[in-house]
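So the structure is just underneath, and the comments pick up after that.
Bear in mind that the values in this text are calculations on the coordinates, not laboratory data. Bear in mind the structure is a predicted one, so any value in this text is a computation, not a measurement. Reconstructed Cβ throughout: ideal geometry from the backbone, glycine too, with neighbour counts over all protein chains shown.
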Amino acid sequence: MSSFGQGKKRGSGANNDDVGIMARLSRAVSNSPITDATKRAANDAAYVSKKLLKSTGKAAWFAGTTFLILVVPLIIEMDREQQFNELELQQRSLLGSSPPLSPPK
Amino acid sequence: MAGLVPPGTTTIPADASKAAHTKAEEKTDYMNLPCPIPFEELHREALMSLKPETFEGLRFDFTKGLNQKFSLSHSVFMGPTELPSQSAETIKIPTAHYEFGANFIDPNLMLIGRMLTDGRLNARVKWDLTDNLSVKANAQLTNEPHMSHGMVNFDYKGKDYRSQLQIGNGSLFGASYIQSVTPHLSLAGEIFWTGQHLKSGIGYAARYETDKMVAAGQVASTGMVALSYVQKVSEKVSLASDFMYNYMIGDVTASVGYDYILRQCRLRGKIDSNGCTAAYLEERLNMGLNFILSAEIDHKKKDYKFGFGLTVG
């Protein structure tokens, strides 16, 4: 048991002159120029995507409200006109085809 | 001679005679040109689509005819009115007024008067003295000093030209002349002079119209250039576009609009290069009963105006 704990200690204290292998490794990774470049790229990507989202939102609002004002009444009115035309056609064909009804005596 | 003519061209003489016949029909008779439209209605078709009378609030108009020539009108308006402000902010004040009006309409004489509850009086007179000469006058009187104005126009209509002389208060003088040059093209010129601001200007205009389209252009020495084009796509639909440029100020505006005239309704919509869209719908609910919806969205100034109304008679 004691040797077990010793082993552990030995594992970490094997390079006792330095800070520790894990700390050294992580420091090496975080201080490298590659990490800096990646961090900068990630920041830029976040900034650009935020701006893109905002401008897409603005464009969507603009397009949506303009569509609502200009196109929706047009669609509704054209639909009504078509319905009115169909009704009229139906009525005309009905009146045209049936013979005049004489009142029952 | 006939033997020398190759067989492929034997049909040409017949076609040439037919073409000569149609050319004779189409040859314009420069002595019988149609009378042009009045100068102030140069951009009439474009303005109908692109400048609908949008309003904000409630509007109710009731016109009752008492006679064949005489009618009274009652009108109620409730809604915010914009005050002209120097800053970019739009200042709106809720107002409400009732307007009483009387119209007398005769073939030769037309009198229109409107009296509002906020103390304003509008009057318009149109008098056809003879077939060719007509006098128009309009006046707007208010309670506030120096805000009333009036104007008189004398119009003379010739065979293929029209001329107009305009005199307004505040020593405003204007004259315009429009002449038909071909059956489709008419050219016009105008000059004006204001005594109050000591400004004078001269302008030229041209209008080309056919059955399917109307194109009009106007240039003035005040720096305004206005071009408009209207195409009648079908008998129900017409599309219009307009370009206005002020070369003194450098202000440019282009707009595109449509005008749908259906049986039950009339729908007009337009979109601007200033980020302003407007729509105006007049729907016929019943005989003599019209329902009006108006919308105007200005995305740049973030100003939204919606109105609804009813017109009876």
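Between residue B:312 and residue B:225, what is the spin-label point distance in nm, taking each point 7 Å from the Cα along the Cα→C-beta axis?
The answer from the label model is 5.1 nm.
Pulled fully out, how much extra length does the chain show between residue B:104 and residue B:86, if you take 0.36 nm times their separation in residues and subtract their Cα-Cα distance?
Value of the extension gain: 2.4 nm.
Hey, what did chain B get for relative contact order, percent, Cα under 8 Å, at least 6 apart?
14 percent
Restricting the count to DSSP beta bridges whose residues both fall in segment B:41-312, what percent are antiparallel, rounded to a multiple of 5?
Around 95 percent of the beta bridges assigned by DSSP in segment B:41-312 are antiparallel ones.
Against the longest principal axis of chain B, how steep is helix B:12-26, in degrees 0 to 90 to the nearest 10, with axes from Cα atoms?
30 degrees
Please report the net charge: other residues with Cβ closer than 9 Å to the Cβ of residue B:188, K and R +1, D and E -1. Walk me through the numbers on the way to the answer.
Working: positive: B:162, B:207; negative: B:190.
Result for the local shell: +1.
Given R₀ = 41 Å, FRET efficiency for residue B:74-residue B:163 by Cβ-Cβ distance, to 0.05?
0.60
How big is segment B:41-312 by Rg and Dmax over its Cα atoms, in Å?
Computed over the Cα atoms of segment B:41-312, radius of gyration and Dmax are 20.3, 52 Å.
Could you give me the ³J(HN,Hα) list for segment B:245-251, computed from phi with Karplus coefficients 6.51, -1.76, 1.60 and θ = phi - 60°, whole Hz, x at Gly and Pro?
3J(HN,Hα) across segment B:245-251, in whole Hz: 9, 10, 7, 7, 8, x, 9.
Tell me what chain B gives for mean residue ellipticity at 222 nm when only DSSP H runs of n ≥ 4 count, each as -39,500 (n - 2.57), the sum divided by the residue total, rounded to 500 deg cm²/dmol. Kindly include the intermediate steps, with their values, before the conclusion.
Working: 2 runs with 22 residues, N = 313.
The helix-only estimate for chain B comes to -2000 deg cm²/dmol at 222 nm.
Using a 10 Å cut-off around each Cβ, can you sort B:39, B:192 from fewest to most neighbouring Cβ atoms?
With the sparsest Cβ surroundings first, the list reads B:192, B:39.
Just report the Cα centroid separation between segment A:15-90 and segment B:27-45, whole Å.
55 Å
R0 = 45 Å: FRET efficiency of residue A:58 with residue B:140, Cβ-based, nearest 0.05?
The computed FRET efficiency comes out at 0.60.
With r as the distance between the Cβ atoms of residue B:96 and residue B:234 and R0 = 56 Å, compute the FRET efficiency 1/(1 + (r/R0)^6) and round to 0.05.
Efficiency computed from Cβ-Cβ geometry: 0.85.
Return the sequence-ordered ³J(HN,Hα) values of segment B:38-44 in whole Hz as given by the Karplus equation 6.51 cos²θ - 1.76 cosθ + 1.60 applied to θ = phi - 60°, using x for Gly and Pro.
Computed from phi, the couplings for segment B:38-44 are x, 4, 6, 9, 4, 9, 4 Hz.
To the nearest whole number, what is the average tally of beta carbon atoms from other chains within 10 Å of the beta carbons of peptide B:265-277?
2
Jot down the per residue volume, in cubic angstrom and as a whole number, of the convex hull over the alpha-carbon atoms of the protein assembly as shown.
Looking at the protein assembly as shown, the number lands at 543 Å³ per residue.
If you average the alpha carbon positions of segment B:91-160 and of segment B:251-306, how far apart do those two centres end up, in angstrom?
Segment B:91-160 and segment B:251-306 have Cα centres separated by 26 Å.
Could you list B:60, B:100, B:77 in order of exposure, starting from the residue whose Cβ has the fewest other Cβ atoms within 10 Å? Walk me through the numbers on the way to the answer.
Working: B:60 16, B:100 13, B:77 21.
Listed from fewest to most nearby Cβ atoms, that is B:100, B:60, B:77.
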